[in-house]
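All remarks here apply to the structure that follows.
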Number of protein chains: 2
Amino acid sequence: MQPIDLLIEARWALPMDDVAVLEHAAVAIDGGRIVGVGAANALTGRFAPRERLVRSSHVLLPGLVNAHTHAAMSLFRHVPIRGPLMQWLNETIWPLERRCVNTQFVRSGTRLAMAEMLSAGITCFADMYFFPEEVARLARELHLRVVVGAPVVDARTPWAADADEHLDRAARLWDEYRGDPLILPCFAPHSPYAVRRETFVRLRRLIDQLDAPLMMHLHETQTEVRDSLAAHGARPLAWLGDEGLLRPGFSAVHMNWLTEDDIDLAARTGISVVHCPQSNQRLGSGICPVGALADAGVNVALGTDGAANVGALDLLAEARAACLLASLSTHDPQALAAIDALRMATLGGAQAIGLAREIGSLTAGKAADLIAVDLSAPACLPVGEPADALVFAAGRDAVTDVWVNGRAMVRERRLLAFDAPELAGIARDAPARFAPGAAA
Amino acid sequence: MQPIDLLIEARWALPMDDVAVLEHAAVAIDGGRIVGVGAANALTGRFAPRERLVRSSHVLLPGLVNAHTHAAMSLFRHVPIRGPLMQWLNETIWPLERRCVNTQFVRSGTRLAMAEMLSAGITCFADMYFFPEEVARLARELHLRVVVGAPVVDARTPWAADADEHLDRAARLWDEYRGDPLILPCFAPHSPYAVRRETFVRLRRLIDQLDAPLMMHLHETQTEVRDSLAAHGARPLAWLGDEGLLRPGFSAVHMNWLTEDDIDLAARTGISVVHCPQSNQRLGSGICPVGALADAGVNVALGTDGAANVGALDLLAEARAACLLASLSTHDPQALAAIDALRMATLGGAQAIGLAREIGSLTAGKAADLIAVDLSAPACLPVGEPADALVFAAGRDAVTDVWVNGRAMVRERRLLAFDAPELAGIARDAPARFAPGAAA
């Protein structure tokens, strides 16, 4: 009998690898890694765990990977949305950010977002925000897995004065965290419209040299595509392709307005697409054609986007929204199966951020990032396929246990390592301090 | 000081009448009715409550009105959806119903659905299913408010052999429950395609005579509209108008495919529309144009539809889906404000079922059907407008207290009057017994 740290038994497991569903399953964990996944009665005969947990009405699955967010913007959750994307950015968000965002803001807002995400079963998130070094420090301190996207834009931001300084600081972040077991730095140019060609050329040189991943908002609105055609005579994706930026490790976020050529280009270059269904609905931006992308072989991940535009950092809700939107837009209830939406929310996310060898499925050898979700509430019964129950019947409140790298972060719905009054304190005066149009 | 049963103080109240939001609010309740709504410090000076509850981080609002469901179908929650609406009905649902549905099924399934709905803040639901007399009995026993829609179709169903028997049994239900304080019977012809003109003519005579309300699936799919044009030379709504069925008290459920003439006819006849956004997405049916309907003065309510096609009986999720769909389909983030979606989910529902004088708002004189929702979780903070927080940040798990007619049904998240093991027992063997294609 092999001694291990932890054996978790559950009614079901969704490994997100070759096996669709395991019944009466168990996951064996040692030294922060998964060492066995299979039928409970097989694993109990192989392993001698120091701790044994039985989750008899639960489903185990890989920790959810939120492939796109702006965590600190949780402190803008109360800010009303006025106008479509560009108006909201220009008139509400960017002025607010210039006035309010500093290291303290980012630490507080990110801490609040981390608490929300962990409780909802999100064990890893890809962030794009100012002061990414603060996000990295916090992730190390609180033990979450995070992709810290260092923003790159031409304009002055709270973090840097110009393109030069953004690139320098991004490169420094890369140097500091590359190879870290929990923190993966990446370059996050905001969008094709916020970065000049000259800056993209320099960025390309940098990422070629460092072999670093990239994350960018892309094809979010029709306006963005039209403006690019007017300015460059090319659609944004094609323009970036001409600049040599498209490659595996490139996360294209949103991708609502795509032609067949765009989809073909995405497939040929091996980029991933991050679908943020609720954000794109709320801002009236459009619908990402996930079915066509998947058919073309493009990896699709799911993201929440920031709380300021979506309200909740809830990847299970995004999985449901993805299924509903796919059915609506194709008039086919089977357009996106629940299990495939959950795959986007786990393995698809891991692949998008280049961590598919490390996380994203319950596979022996991978890190023990996993969650247990209780399907015994009346609202979930009767359970047929656990994936259907998870996506269409359960909600994030059914997440009971969360582990990151084998460490318990949520236990029986209790969020560990966070202090509830402290979190409430963070948010208490936010509506007054971070009000659009308020005095500096 | 006026002695009363109960005074509830809360951080906010959304009365859904002339006042948008009350801060530091209170609701006074006596004899099952609301006797005062206002600022807490004003009400504490007026009333001497036998019980006083303080919900310091909560918002109070009217109980949610689920204006369309098939409660017992919760026992089909596990059944996979194959094909769009008509294929799913013909090949999966109707054969299953013929084989499985009886009084015991309806009692069990409805009990399960009631537990789910109460926990989610739904205090009243409009049901359309076989054996409505069982639903009425259960509602009386468990103290929920319900509109029991007696199905009317031409074909044999588990409840009745033909149109005659459906009409007879519906009329008997009407006689038994009219005037009941909690139970409102109504006539529920399934759809224009499941009822012959001859039956509609008889139905019309009946409801003219009884002044009874009507609920019907209408304009759900493009196919339905096309078939009606082919069969009757008129769109379904216009056809029913010619038959004299449209009137206040008529709930038209779904209404996804509407011309300007349809909307105009709806407005002129004073019917209500019940929007079921998630059901219509999941089945790929279409989008109800709630903005155009509201602009034309048509009352719009929200419904979940049944758990078999939507997964969850969660009206807060429907409110969010309604906002998101409205933004998506108009490319305008302000197309449907959260407070207006909540109005659909409360007063709009009450008006649709003809109970707006009794429920739907926190107004002195109305029945004390109300709920408290806690907005203090990290996932809700910071709170700006409580309506936004309710719809976009919170979920049904934030509902802490539910009262129907002044009686506590949920207290601090504990569902009273239901037994959890009993509910689990109801569902345990459902996947085996109620499997599509299983032996009779």
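Just so you know, all these numbers are worked out from the coordinates, no wet-lab data involved. Values in this document were obtained by computation on a predicted structure and should not be read as measured data. For neighbour counting, all protein chains shown are included, and Cβ atoms are generated from backbone atoms with ideal geometry for every residue, glycine included.
Structure notes:
- Sites A:R411 and A:A230, calculated FRET efficiency, Cβ-Cβ separation with R0 60 Å, nearest 0.05: 0.65
- Beta carbon of chain A nearest to the axis of the rotation taking A to B, residue and angstrom distance: A:D397, 2
- Other-chain or far-sequence residues with amide H under 5 Å of B:S57's (modelled H): B:R11
- Using a Gaussian network model of chain A in which every pair of alpha carbons under 10 angstrom is joined by a spring, one finds that among A:A430, A:A308, A:A379 the greatest mean-square fluctuation is at A:A379.
- Note on the range A:334-423: Cα convex hull, mean projected area over all directions, 7.6 nm².
- Karplus-derived HN-Hα couplings along the range A:11-21 (A = 6.51, B = -1.76, C = 1.60, θ = phi - 60°), whole Hz, x at Gly and Pro: 4, 9, 9, 10, x, 6, 10, 5, 8, 6, 9
- With a Förster radius of 41 Å applied to the C-beta separation of A:D18 and A:E176, the computed FRET efficiency comes to 0.65.
- Within a Gaussian network of chain B (alpha carbon springs, distance under 10 Å), most fluctuating of B:P189, B:P213, B:P49: B:P49
- Whole-Å semi-axes of the ellipsoid equivalent to the protein assembly as shown (Cα gyration tensor, √5λ, descending): 44, 29, 29
- Trypsin sites (Lys or Arg not before Pro) lying in DSSP loop within the range B:47-93, provided at most 12 other Cβ fall within 10 Å: B:R82
- Modelled spin labels at B:R428 and B:L206, positioned 7 Å past Cα toward Cβ, are 4.0 nm from each other.
- Restricting attention to the protein assembly as shown, close to 40% of DSSP beta bridges with both partner residues there are antiparallel.
- The mean sequence distance of close C-alpha pairs (under 8 Å, at least 6 residues apart), as a share of the length of the range A:64-352, puts its relative contact order at 20 percent.
- In a reduced charge model with +1 at each Lys and Arg Cβ and -1 at each Asp and Glu Cβ, the range B:64-352 shows a dipole moment near 540 debye about its Cα centre.
- Amide H within-cut-off set for A:V274, under 5 Å, with H built and near neighbours excluded: A:A252, A:V253, A:H254, A:A301
- With respect to chain B, whose longest principal axis is taken over its alpha-carbon atoms, helix B:197-210 is tilted by about 40°.
- In the assembly of identical copies, B:R172 has its label point, taken 7 Å from Cα in the direction of the beta carbon, separated from the corresponding points by 8.3 nm (ascending, one decimal).
- Tilt relative to chain B, helix B:163-177 - C-alpha long axis, 0 to 90 degrees, to 10: 20
- A DSSP coil position with no more than 13 other Cβ atoms inside 10 Å describes the following trypsin sites (Lys or Arg not before Pro) in the range A:93-157: A:R156.
- 15 Å reach of a label modelled at B:T103, 7 Å along Cα-to-Cβ, counting backbone N of the range B:179-204: none
- In sequence order, the range B:269-283 has phi-based couplings of 8, x, 6, 9, 10, 10, 8, 10, x, 6, 4, 5, 6, 4, 8 Hz under the Karplus curve 6.51 cos²θ - 1.76 cosθ + 1.60, θ = phi - 60°, and Gly or Pro positions carry x.
- Helix-only arithmetic for the protein assembly as shown: the sum of -39500 (n - 2.57) across DSSP H runs with n ≥ 4, divided by the residue total, places the mean residue ellipticity at 222 nm at -10000 deg cm²/dmol.
- Distant alpha-carbon pairs in chain B (separation over 44 angstrom), percent: 8
- Other protein chain C-beta atoms within 10 Å of residue C-beta, averaged over B:313-321: 2.
- Relative to the other identical copies, A:V21 shows label-point distances of 4.3 nm, where the label point lies 7 Å from Cα along the Cβ direction and values run shortest first.
- When both bridge partners sit in chain B, DSSP labels roughly 40% of those beta bridges antiparallel.
- Listed residue (B:I122, B:G233, B:Q209) projecting farthest to the positive dipole end of the range B:64-352, Cβ model: B:I122
- Along the range B:335-341 the Karplus relation, 6.51 cos²θ - 1.76 cosθ + 1.60 evaluated at θ = phi - 60°, assigns HN-Hα couplings of 3, 9, 6, 4, 5, 6, 5 Hz to successive residues, with x for each Gly and Pro.
- Distances from B:E260 to itself in the other copies, using label points 7 Å out along the Cα-Cβ axis, amount to 3.6 nm in increasing order.
- Placing +1 on the Cβ of every Lys and Arg and -1 on the Cβ of every Asp and Glu, with no other charges, gives the range B:1-79 a dipole of roughly 220 debye about its Cα centre.
- Signed unit charges on C-beta, dipole axis of the protein assembly as shown, positive-most listed residue A:C323, A:A40, A:P386: A:A40
- Candidates A:D369, A:D227, A:D154, ranked by Gaussian network fluctuation over chain A, Cα under 10 Å, top entry: A:D227
- Those residues of the range B:217-232 whose amide nitrogen sits under 16 Å from the label point placed on B:R197, 7 Å along Cα→Cβ: B:227-232
- Volume of the Cα convex hull of the range B:2-47, divided per residue and given in Å³: 64
- Taking the longest Cα principal axis of chain B as reference, the axis of helix B:103-119 is set at about 40 degrees.
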